[in-house]
1. Pull up all non-local amide H partners of ILE87: gap of 5 or more, or a different chain, and H-to-H distance under 5 Å with H placed in the peptide plane.
2. Per 10 Å bin from zero, what fraction in whole % of the C-alpha pairs of the range 5-253 is there, up to the bin with the longest pair?
3. In Å and whole numbers, how far do the C-alpha atoms of the range 262-337 stretch along each principal axis, longest first?
4. In degrees, nearest 10, range 0 to 90: what is the angle between the Cα axis of helix 311-335 and the longest Cα principal axis of the chain?
5. Each residue of the range 30-40 in order: what ³J(HN,Hα) in whole Hz does its phi give by Karplus 6.51 cos²θ - 1.76 cosθ + 1.60, θ = phi - 60°, with x for Gly and Pro?
6. Check THR36: other-chain or 5+ apart residues with amide H under 5 Å from its amide H, H built from backbone geometry?
7. With no other cysteine's Cβ closer than 4.7 Å, which Cys residues of the chain count as lacking a disulfide-compatible partner?
8. So what's the gap between the Cα centers of the range 301-337 and the range 3-78, to the nearest angstrom?
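Computed from the coordinates by the stated procedures, all read-outs in this text should not be read as laboratory data. Bear in mind that the values here come from a model prediction, so they are computed numbers and not experimental data. Quick reminder, even Gly has a Cβ in these numbers, built from the backbone with ideal geometry, and neighbours come from all protein chains shown.
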Amino acid sequence: MRNIFTITSQRVSGIRTGKITLGGKTMTTPAIINATSRGAIPHVTHDLLADLAIPPARFLNMGDFLDTSKIIQEHGSVESFLGTQDILFGGLGHIKSGSNKSVEYKSMLQSHVGSRQMKITEYTELCKAVKTDICLPLYDVPPTEDIAKSRAFKSIQRTETYLKEMIGNFENVFGVVSASSKDLAQSLLEMLAKYPTLTGLAFNVPISVIPQLNIPDEFKEKPLMYLKPIKGTDLKDLLNLGFDLFIVDVHKEYTEKGIAVVGNSEEEKSINLNDECHVEDAKPLVNDCKCYACEHHIRAYINHLLKTREMLGFVLLQIHNIHHLNQLLVSLINKSS
């Protein structure tokens, strides 16, 4: 495994800028990476993506490909299947808490077809078929913050077993820190430090826990990814903590609910375009926003589209939400010192 990440600047605030280069593909960081549905960003076509000027990267939920991996293999890879040159990150988006009865090398996940157990070897074969650029292994999800030492030990043991399987089969692998408490998260970091060839780290922990952690020196110059859902107000804190990559499912968290993000880094604000108060609202979603939805349409029109279940309503909301969150990130980087 080679180093694919270069830090280009380190601000006093803690924010760092960098670049990921992988197989002729390049992206700058910090960056918001859009979660996908079967590899595609919902409601946004290739030409719209180009106009949005978002980072050339996507996060693929591997569970989406459980029933289509053979089709993808016929195309050679998911990259060919999708017709994209984006850097593709692959992992499982929704993993349930594992059993505490034994160390079983499988994980419970949720996909679009429901819940099921996935064996470690099955996940490996799925990743080989999909062929993402960077893989996240299976990982254990402890059920609560207050768990017994024996359960914490099993969690670390499971996560390490999953990790070894991935390292043995793939070149670029992120280690995953999944915990609700500081002690378990730190123990996982110490375990991951035994594998300095890891490409980076992905965190599935509360933001409040992260400042208490001591990141091993082995990962100080490698990309840090945050997996949990975040609000606009969380971005500033995570940037100052040195995080580089943020997985955001704009569609599920905002667009499909009819919600437009209108806040900033200091105040988390959103509006529900389904509300009756927008029936005759002639304002854009956000004043001075340069996205297509705000420059060409008003709230009343989007309200009408949502009520009549017209697909265009979700398209306009998706365009705005992706643009707004990315511009928020850019503004935070530019304001830092």
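1. ALA57, ARG58
2. 7, 32, 39, 19, 3, 0
3. Projected onto its principal axes, the Cα set of the range 262-337 covers 46, 20, 17 Å.
4. Approximately 70 degrees, to the nearest 10.
5. Whole-Hz 3J(HN,Hα) from phi for the range 30-40: x, 8, 8, 10, 6, 6, 10, 10, 6, x, 9.
6. PHE59, ASN61
7. Among the cysteines of the chain, those whose Cβ sits 4.7 Å or more from every other are CYS127, CYS135, CYS277, CYS291.
8. Cα centroid of the range 301-337 versus Cα centroid of the range 3-78: 19 Å apart.
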